[in-house]
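To start, the structure under review is shown below, and the notes come after it.
The values are calculated or read from the model by the stated rules, or taken from the named source; none is laboratory data. Being a predicted model, the structure only gives us computed values, none of them experimental. Heads up, the Cβs are rebuilt from the backbone with ideal geometry, glycines too, and the neighbour counts pull from every protein chain shown. Heads up: the accessible areas ignore ligands, DNA and RNA and are worked out on the full protein's heavy atoms, side chains in. Shrake-Rupley method; radii C 1.70, N 1.55, O 1.52, S 1.80 Å.
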Amino acid sequence: MVDCTRVVYDSEDPAVIVSDPGQEEKSVILTFDDGPGKFLPEILDVLSEEKVPAMFFWQTRLLYPARPWQRVLAEGHVIGTHTVKHPNLVRLSEEQQLHELRSSIEQLEAVTGIRPRYFRPPFGQYDQATLRTAETLELTPVMWRIASLDWELRDDPAAIVTNVVENLEDGAVVLLHELPQTVSVLQKLIQAIKEKGYTFKLLSMS
């Protein structure tokens, strides 16, 4: 199971994506967890201005028709599931995990009309039952290579930029959240990544 206090995550599990070897040289993938919430429009404004695509992993209990999911898709971003209510999956039985993920798929389809292809396990915690469940539901688990630790940095948002920029590598998946401190530095973060010569892509199988 992942240590969520570490900036760089190493995984030897081929069933879980942390970086994309199919990416062009010097490109990264931005991902945002725990929405859709009230900061989503601001995030989308920055992404639009900087012409950057991203992946959003949503708790489907928060997905109301009034949320700007149409804009997310129209602007070329990808929506994946972060389950319905953000449980720690390893504390659930395999049957409960199946119910949680299947329900999240159904909720996303009901609102957006699109079936998600990707999911991110809450807290970065998963077990073999999770992987079997994902395979059954034709979901690809996506973790991350670089954790911004933005959820811990409410009082030091500049460190979000440092955590990411100092650990850049080809194809890396970057973990961010729909949080006010993240929004406050998002444009600076994107520009700093660009200054390092990196571009922004979606997963090559998106």
Fill in the blank from the handout: Which of (i) 1.20; (ii) 0.95; (iii) 1.06 gives Cα Rg over 2.2 N^0.38 Å as computed here? It is (ii)
Completion exercise
Calculated from DSSP helices alone, with each H run of at least 4 adding -39500 (n - 2.57) and the total divided by the residues of the chain, [θ]222 nm to the nearest 500 comes to -10500 deg cm²/dmol
Problem - Label zone at Asp45, where the point sits 7 Å out along the Cα-to-Cβ direction: the range 187-206 residues whose backbone N lies under 18 Å - result: 187-191
Exercise for the section: Averaging sequence separations of C-alpha pairs under 8 Å and six or more residues apart, then dividing by the length of the range 57-203, give the relative contact order as a whole percent. Expected result: 19 percent
Exercise for the section: Specify the residue with the greatest mean-square fluctuation among Ser104, Ser93, Ser11, computed from a Gaussian network of the chain linking alpha-carbon atoms under 10 Å apart. Expected result: Ser93
Handout entry: Probe 1.4 Å, protein heavy atoms only - accessible area per residue of the chain in square angstrom
Key = 46 Å²
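Just order 127-137, 176-186, 62-72 by mean Cβ neighbour count inside 10 Å, highest at the front, would you?
Most protected by this proxy first, the peptides run 176-186, 127-137, 62-72.
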Completion exercise
Taking protein heavy atoms only, a 1.4 Å probe, and rounding to whole percent, the accessible area of the range 63-164 owed to carbon and sulfur comes out at 49 percent
Practice task
Could I have the simple spin-label model distance between Asp156 and Glu135, label points 7 Å from Cα toward Cβ, reported in nm to one decimal?
Solution key: 4.2 nm
Completion exercise
By the DSSP-based rule, helices of the chain that are at least 18 Å long along the axis (C-alpha) and have a mean Kyte score of at least 1.6 are none
Fill in the blank from the handout: Here FRET efficiency (C-beta to C-beta, Lys26 to Ile114, R₀ 22 Å, nearest 0.05) is 0.15
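Can you order the peptides 141-149, 25-33 by their average number of other Cβ atoms within 10 Å per residue, highest first?
Per-residue Cβ counts within 10 Å, averaged per peptide and sorted highest first, yield 141-149, 25-33.
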Fill in the blank from the handout: Straight-line reach check, Lys196, cutoff 21 Å on alpha carbons, 8 or more apart in-chain or any other chain, hits among lysines -> Lys26, Lys51, Lys188
Problem - the range 11-85 versus the range 94-137: alpha-carbon centroid distance in Å - result: 16 Å
Completion exercise
FRET efficiency (Glu94, Arg6; Cβ distance; R0 30 Å; to 0.05) is 0.60
Problem - Where labels lie 7 Å past Cα in the beta-carbon direction, separation of Lys194 and Ala66 in nm - result: 3.4 nm
Exercise for the section: May I ask you to derive the relative contact order of the range 23-130, considering only C-alpha pairs under 8 Å and at least 6 residues apart, and to give it as an integer percent? Expected result: 26 percent
